[in-house]
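Worksheet: the structure to be examined is printed underneath.
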Amino acid sequence: MAETMLEPEDAATAATLLADASARGTHVVVRGANTAARGSDDNVVSLSTRKLTTGLTHFAGDLVATVPAGLTLRELNAALAAERQWLPLDPPHAGDATIGGIVATNASGPLRH
């Protein structure tokens, strides 16, 4: 049986999909760009964060950013570069890794120090 992939485009849709899965007792695995994927299970539904890329807010003077889970580190650093800032992380597959995936897998790399 093929794995079912849910791909919400906003947080409200993601919340609805998660609530529906919970009501049915379905297991959900959250996936970003799959740079740290560990295999799949036919008895679960995957929820992709790849389309959750809108809603970046950046307060450069406060060194604060709120970042959507599906944004890649490359995309985030390109946005921060306008203010001569960057997020000092270097996980495996850094250009393709999503912020949500980096946080979920604690794959920050040695630059975090």
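Nothing in this text is a laboratory measurement; each read-out follows from the coordinates by a stated rule. Every value quoted in this text rests on a predicted model; they were computed, and no experiment measured them. Cβ placement follows ideal geometry from the backbone for every residue including glycine, while neighbour counts extend to all protein chains displayed.
Figures for the structure shown
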| quantity | calculated |
| --- | --- |
| Label-to-label distance, nm, for residues given as VAL44 and THR16 (7 Å Cα→Cβ offset) | 2.5 nm |
| Summed residue charge, Cβ within 13 Å of ARG74's Cβ, Lys/Arg positive, Asp/Glu negative | -3 |
| Whole-number percent relative contact order across the chain, with pairs defined as alpha carbons under 8 Å at least 6 apart | 24 percent |
| Structure-derived percent of Cα pairs over 21 Å apart - corresponding label in (1) 42; (2) 29; (3) 35 | (1) |
| Summed side-chain charge close to SER48 - residues other than SER48 whose Cβ falls under 9 Å, Lys, Arg +1, Asp, Glu -1 | +2 |
| MET5-PHE59 pseudo-label distance in nm [points 7 Å out on the Cα-to-Cβ vector] | 3.6 nm |
| Protection proxy ranking of 91-99, 103-111 - average other beta-carbon atoms within 10 Å, highest first | 91-99, 103-111 |
